[in-house]
Amino acid sequence: MACQVEVGLKEHHFHMKQLISRETLFMSYFAFSDCKNCLYAFDSFGVAECYLLLVMAFDRDLAISSPLHYSGIMNRALCIELAASPWVIGCVIVAIPTIFTAKLEFCGPNEIDHFFCDLAPVQDLACSDPFVSGLATTSSAIFASMLPFLIIVGFYLHIIVTILKIKSTIGKKKAFSICSSHLIVTCLFFGSVIFVFGKPKGSQQDKFFALVYTVIIPLVNPFIYTLRNKDVKAALRKSKLLRVLGPIKISHIQQYH
């Protein structure tokens, strides 16, 4: 999937061409303010997800290292604060580079090869010097992705040390099962995000990994998290059992006829 965005020289409009396939081309026009709002909302949600994963890592660390004190520490007020803080942090962090990007002048070249409005592709369209906005974007990216990732790594190091102290094998397996789904999602999400920010600008793989953390990972998240649910596991086993027993029952009935 490819996309081009054009900035009008006078009216400051964006022209998006989204390549659905080799034969089909979807085209839409929207103002610069719409693109600015789009990238602000998109990046805010992305930063919020980074910090939500951090909150979930803290929750699992607390559940494993202090199971007896978990209910007392994770009270209703703290849960509300932990749930709301990622959204506030996301809005604040993304606001800074978005403001600097909005102050840039756009006059051409006016095309980017991407499938959504994002800070770096839009900054590449600017005629004025994007150094300050690029510096703000890089600094925000550090606080948005690298900081929560490093803290999550710290939490998991503490979790590993705690699990190693557990003597029973069953206890170790149970403790690991608490973190397994979150660990998978964290590795997939931060792996693709760090790869995108770590590669040079204009890399051919940017769009693919951007597609991974914007579309593919959110699609598989529900499946990863629900696989630990006992009811889901029971339903899956039951469905497999019915598939096996169905033909047997039918052939057994046919024998009596």
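Leaving ligands, DNA and RNA out of it, report the carbon-plus-sulfur percent of the accessible area of segment 49-155 at a 1.4 Å probe. Provide the component values of the computation, followed by the final result.
Working: 3900 of 5420 Å².
Its accessible area is 72 percent carbon and sulfur atoms.
Working with all protein chains in place, sort H158, H182, H69 by solvent-accessible area computed with a 1.4 Å probe, largest first.
Largest accessible area first, the list is H69, H158, H182.
Can you tell me how much longer the chain between I151 and A83 gets when fully stretched, taken as 0.36 nm per residue apart minus their C-alpha distance, in nm with one decimal?
On the way: separation 68, 0.36 × 68 = 24.48 nm, distance 1.72 nm.
That works out to 22.8 nm of additional length.
If Lys and Arg each add +1 and Asp and Glu each add -1, what is the summed charge of the other residues whose beta carbon sits under 15 Å from the beta carbon of S66?
0
Using θ = phi - 60° and the Karplus relation 6.51 cos²θ - 1.76 cosθ + 1.60, list the HN-Hα couplings for segment 127-142 in order, rounded to whole Hz, with x at every Gly or Pro.
8, 7, 5, x, 4, 5, 5, x, 5, 5, 5, 5, 4, 5, 5, 5
Over the residues of segment 74-168, compute the C-alpha Rg and express it relative to 2.2 N^0.38 Å.
1.58
Which semi-axis lengths, in whole Å and largest first, follow from the square roots of five times the eigenvalues of the Cα gyration tensor of segment 50-103?
Equivalent ellipsoid semi-axes, largest first: 32, 11, 5 Å.
Lys and Arg at +1, Asp and Glu at -1: add these up for the other residues within a Cβ distance under 11 Å of T162 and post the number.
My count for the surroundings of T162 gives +2.
Please work out the average accessible area per residue across segment 68-153, using the 1.4 Å probe convention, and give it in Å².
Solvent-accessible surface per residue comes out at 55 Å².
So how exposed is I99, as accessible area in Å² (1.4 Å probe, rounded to 10)?
Number for this one is 100 Å².
What does the charge add up to near A126, with Lys and Arg as +1, Asp and Glu as -1, over the other residues with Cβ less than 11 Å from its Cβ?
-2
The values are calculated or read from the model by the stated rules, or taken from the named source; none is laboratory data. Given the structure is predicted, the values throughout are model-derived calculations rather than measurements. Every residue, glycine as well, gets a Cβ built from its backbone with ideal geometry; the counts of neighbours run over all protein chains shown. In case anyone asks, the SASA skips ligands and DNA or RNA and just uses the protein heavy atoms, side chains included. Shrake-Rupley method; radii C 1.70, N 1.55, O 1.52, S 1.80 Å.
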